[in-house]
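Every number in this text was worked out from the coordinates using simple rules, so none of it is lab data. For clarity, every value in this text was computed on a predicted model and none was experimentally measured. Neighbour counts run over all protein chains shown; Cβ positions are idealised from the backbone, glycine included.
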Amino acid sequence: MTKKRIGLIGLGMAVTPHAKGLVDLADKVEVAYAWSPSEARRAAFAERFDFPTCDRIETILEDKTVDAVLVLTPANTHLDIARRCAEAGKHVLLEKPIEISTARAEELVATCRKAGVTLGIVLQHRFRPAGMRLAEILRDGELGAIVGCSTVIRLWRPQGYYDEPGRGTFARDGGGVLISQGIHTLDLMLSLAGPIVQVTGYAQTTSVHRMETEDMVCAAARFENGAFGTIDATTAAYPGFLERIDLVCEKGTASLAGTALLVQFQDGHKEEIAADQSAGGTGADPMAFPHDYHRAVMADFIDAISNGREPKVTGEEALRVHRLIDALIDAGARGGAVDIAGARS
């Protein structure tokens with residue numbers, strides 16, 4: 001397979017696991033350029049990684065040898081950047097969330113589809129071995145139908161995290177705990193348990209944080225297959241705990257806790273995958289996790305554009321979690337049950 005040439009757009013906090021993954025994938029991909037509008041960030045990045053940098057995004061867009069871009073900029077910039085990349089014929093791998101609103105996210109997905117470029121979304125929890133194995137067990141029918149699903153995301157972010165200009169605002173991030181942190185676990189949950197068609201619950205900013213958007217959400221959910229579920233998400237839970245997805249099924253129960261899996265079957269046997277040694281980014285350091293899963297996202301994306309197939313997490317697939325987040329915020333704001341538009345798409 002001929003190496004693909006990729007440009008990095010954005011060299012902030014999110015770049016480290018991606019850059020490490022690209023180093024590991026040097027036999028499949030070549031980093032053509034790494035760009036940030038900040039000279040200081042370009043210099044700091046160049047000290048850590050032996051990739052060429054450039055001081056103009058146009059350098060990436062105008063180079064016809066660049067096959068794809070990895071976009072790691074703030075969410076409110078994604079639509080404009082993705083449109084420019086699509087118009088230049090570049091495939092796009094985009095850090096979550098797609099954009100700050102579902103309307104903008106839908107426009108971005110449609111823009112890439114119309115331009116004929118591949119769009120992949122970085123939702124790396126899908127690539128954890130424990131989650132992948134559970135997906136296989138469910139797909140093979142070993143646990144029978146899912147009848148209940150509990151998703152718990154109890155993380156910790158200190159006030160200093162939200163003191164960064166724009167963080168935790170609708171204008172830059174599009175929301176709080178759901179779209180910035182919980183999106184990964186919610187996406188994994190949807191991929192395992194199927195679409196949610198209705199939610200009811202509460203969302204608020206607690207006294208723990210000074211921020212514009214929500215840092216605590218508690219909700220009940222009804223799945224398309226008739227299963228019931230709960231969602232409990234916060235960034236106010238010191239010192240931060242492993243995210244959990246518990247599935248109650250006809251033939252047993254499956255529990256994902258961070259990167260660990262325990263499946264207990266009613267016939268007495270069980271299956272386990274041990275956790276890795278990372279903290280998982282649950283606490284004050286949001287980057288305290290290995291880069292293995294980001295590497296897997298990029299490897300899948302490179303293979304997808306090389307073989308003309310869809311990546312594991314397409315833009316359309318990622319829109320499902322955006323619509324769920326909209327419904328959770330809507331339910332918290334006005335009370336009552338909220339149906340989820342496009343839950344089955």
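Between the DSSP loop rule and a limit of at most 11 other Cβ atoms within 10 Å, which trypsin sites (Lys or Arg not before Pro) in the range 35-114 are left?
Arg56, Lys64
Give me the angle, in degrees from 0 to 90, between the Cα long axis of helix 39-48 and the longest principal axis of the Cα atoms of the chain, rounded to the nearest 10.
Relative to the chain, helix 39-48 is tipped by roughly 80 degrees.
Can you compute 3J(HN,Hα) from phi for each residue in the range 111-124, using the Karplus curve 6.51 cos²θ - 1.76 cosθ + 1.60 with θ = phi - 60°, rounded to whole Hz and x for Gly and Pro?
4, 5, 5, 5, 6, x, 9, 6, 10, x, 10, 7, 10, 6
For Gly252, enumerate residues with amide H under 5 Å from its amide H, sequence gap 5+ or separate chain, H modeled in the peptide plane.
Close amide H contacts, sequence-distant or interchain: Gln266.
Could you calculate the contour length gain from Ala145 to Phe170, that is, 0.36 nm times the residue separation minus the distance between their Cα atoms, to one decimal place in nm?
5.2 nm
In terms of the Cα gyration tensor, with a ≥ b ≥ c the square roots of its eigenvalues, is the range 1-96 rounded because a/c is under 1.5, prolate because a/b exceeds b/c, or oblate?
Verdict is rounded for the range 1-96.
Could you go through the range 198-211 in sequence order and give the Karplus-derived ³J(HN,Hα) for each residue, using 6.51 cos²θ - 1.76 cosθ + 1.60 with θ = phi - 60°, rounded to whole Hz, and x for Gly and Pro?
Values, residue by residue: 7, 9, 8, x, 9, 9, 7, 9, 7, 6, 6, 10, 9, 7 Hz.
For each of Asp339, Asp326, Asp187, Asp232, count neighbouring Cβ atoms within 10 Å of the residue's Cβ, then give the residues from fewest to most.
Arranged by neighbour count, lowest to highest, Asp339, Asp326, Asp187, Asp232 become Asp339, Asp232, Asp326, Asp187.
Kindly identify the range 67-198 as rounded, prolate or oblate by the Cα gyration tensor criterion: order the square roots of the eigenvalues as a ≥ b ≥ c, call it rounded if a/c is under 1.5, otherwise compare a/b with b/c, prolate if a/b is larger, else oblate.
The shape class here is oblate.
Please state the shape class of the range 179-286: rounded when a/c is under 1.5, otherwise prolate if a/b exceeds b/c and oblate if not, all from the C-alpha gyration tensor.
Oblate is the answer for the range 179-286, as a/c is 1.5 or above yet b/c matches or exceeds a/b.
Each residue of the range 154-171 in order: what ³J(HN,Hα) in whole Hz does its phi give by Karplus 6.51 cos²θ - 1.76 cosθ + 1.60, θ = phi - 60°, with x for Gly and Pro?
Once rounded to whole Hz, the list reads 10, 10, 10, 10, x, 4, x, 4, 7, 6, 5, x, x, 6, x, 10, 6, 5.
Tell me which residues come under 5 Å, amide H to amide H, from Lys4 once H is placed; ignore anything under 5 positions away on its chain.
When sequence neighbours closer than 5 places are left aside, the close amide H contacts are Val29, Glu30.
Using only Cα atoms, tell me the angle between helix 78-87 and the longest principal axis of the chain; keep it within 0 to 90° and round to the nearest 10.
That works out to roughly 50 degrees.
Have a look at Cys54, Val29, Ile9 and report the one farthest towards the positive end of the charge dipole of the range 1-63, computed about the Cα centre with Cβ charges (Lys/Arg +1, Asp/Glu -1).
Toward the positive end, the furthest listed residue is Val29.
Arrange the following residues from fewest to most other Cβ atoms within 10 Å of their Cβ: Ile137, Ile196, Ile60.
So the residues, fewest neighbours to most, are Ile137, Ile60, Ile196.
Pairs to check: Lys3/Lys64; Lys96/Lys270; Lys28/Lys114. Give those whose C-alpha atoms are more than 25 Å from each other in this structure.
Lys96/Lys270; Lys28/Lys114, as the Cα separations exceed 25 Å there.
Only counting other Cβ atoms within 10 Å, I'd like Trp156, Trp35 sorted with the fewest neighbours first.
The order, fewest Cβ neighbours first, is Trp156, Trp35.
Specify the angular offset, from 0 to 90 degrees and rounded to the nearest 10, of the alpha carbon long axis of helix 292-307 from the longest principal axis of the alpha carbons in the chain.
The angle comes out at about 70 degrees.
Based on the Cβ-Cβ distance from Asn225 to Asn307, what FRET efficiency comes out when R0 is 30 Å, to the nearest 0.05?
0.40
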